[in-house]
Amino acid sequence: MLTFAVVLLIESLLITFRGVTSAEDIIFSYNDTVIAKADEKVILSCSYTGTVYDLFWYRQFPGSALQFLIMESSGFITHATPQVPGITMTHNKDIRRMDLEISSASVSFSALYYCAVR
């Protein structure tokens, strides 16, 4: 189950989500589009149905492999090594929502972002 966000940064940040479903569970974005200027905080949000054990965020630069960013498992957060600066994750179990926060958007964050659950 994956949802992804296309991130293009020229003078603004444009993030578009699409959801992928399975027979049992669905994961989808809260917002289809988020627009932010450089240096602004950006929050990417995904929701899910069903039971999940682990939550993940990845990104993919054009022509590159997926890059692990951050995950939550049993309430513990694990960052990529080396850690990507300015990235945090929150999980609200009550409303089944996971957020990826980019503290200060910049051109270096222009990528395809994926949220996934297991």
* Note down all Cβ pairs under 9 Å where the first residue falls in the range 92-111 and is within 20 Å of His79 (Cβ to Cβ) and touching a residue at least 40 places away in the same chain (Cβ under 8 Å), the second is assigned to a helix (DSSP H, G or I) and not acidic (Asp, Glu), and they're at least six residues apart or on different chains. => Ile102/Phe109
* Asked: Taking strands (runs of 3 or more DSSP E) that do not extend beyond the range 5-64, which have at least 1 residues that are at pLDDT 85 or above and surrounded by fewer than 18 Cβ atoms within 10 Å (Cβ to Cβ)?
  -> 42-48, 54-60
* Spans of strands (runs of 3 or more DSSP E) in the range 70-118 with at least 3 residues open to solvent by 60 Å² or more (accessible area, probe 1.4 Å) and either more than 14 Å from Trp57 (Cα to Cα) or of a type in the set (A, V, I, L, M) (or both) -> none
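The values are calculated or read from the model by the stated rules, or taken from the named source; none is laboratory data. Just so we're clear, the structure is a prediction, and the values are computed from it rather than from any experiment. Ideal geometry is used to build each Cβ from the backbone, glycine not excepted, and the neighbour counts take in all protein chains shown. For the accessible areas, the whole protein counts, side chains as well, though only heavy atoms, and no ligand, DNA or RNA atoms are used. Shrake-Rupley method; radii C 1.70, N 1.55, O 1.52, S 1.80 Å.
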